[in-house]
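Take a look at the structure below.
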Amino acid sequence: MNLSNLKPAEGSVSKRKRIGRGEGSGKGGTSTRGHKGAQSRSGYSRKPGFEGGQMPLQRRLPKFGFRNMNRVEYKAINLSTLQALHEKTGLTDIDFNALRDAGLVSGNDLVKILGNGELNVTLNVTAHGFSQKAKEAIEAKEGKAVVIE
């Protein structure tokens, strides 16, 4: 076997069905569309989810739930993560750019600092939000918790 005699597996490639090319082709006349009805007409397209007249799935299932369109999603960063970031990089001023450079957040995230973990150093942290416990822990170590507007 070499490149000059490669071919697809037997039965894996079928010829294209040429419809509407005369009676002799066996697929002339109605062009495999049957007689009359919407499906035989040009321009007909079935709606997405159409199940042949059976009640479609999206109508059989009940509606439920609520999604608040004004909800603000924050990326949560704990104090333990800030402590680890300080030990790794030596930063004392931690802002959004420092968190992004460390790979903890991406470009459009809003950051909220949460109070899980211990803080052993003085840090000046700038973020979009702080939990009460996190703010108290940062200020207890003489640091600053600055909220980005």
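Nothing in this text is a laboratory measurement; each read-out follows from the coordinates by a stated rule. Worth saying up front: this structure is predicted, and the values here are computed from it rather than measured. Don't worry about glycine lacking a Cβ; one is built from the backbone with ideal geometry, like all the others, and counts go over all protein chains shown.
At-a-glance table
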read-out	value
Charge-dipole axis of the chain as Lys and Arg at +1 and Asp and Glu at -1 on Cβ define it, positive-most pick from Gln39, Met1, Leu104	Gln39
Prolate/oblate/rounded call for the chain, Cα gyration tensor, a/c under 1.5 rounded	prolate
Only Lys, Arg (+1) and Asp, Glu (-1) charged, at Cβ; the stretch 1-68 dipole about Cα centre in debye	300
GluC sites (Glu not before Pro) restricted to DSSP loop in the stretch 1-58 with at most 12 other C-beta within 10 Å	Glu10
Non-local Lys pairs in the chain, i.e. 8 or more apart or on different chains, that have alpha carbons under 21 Å apart	21
Nearest-20 debye value, the stretch 33-90 charge dipole, Cβ charges on Lys, Arg, Asp, Glu	620
Dipole magnitude (debye, nearest 20) for the chain, charges at Cβ of Lys, Arg, Asp, Glu	2160
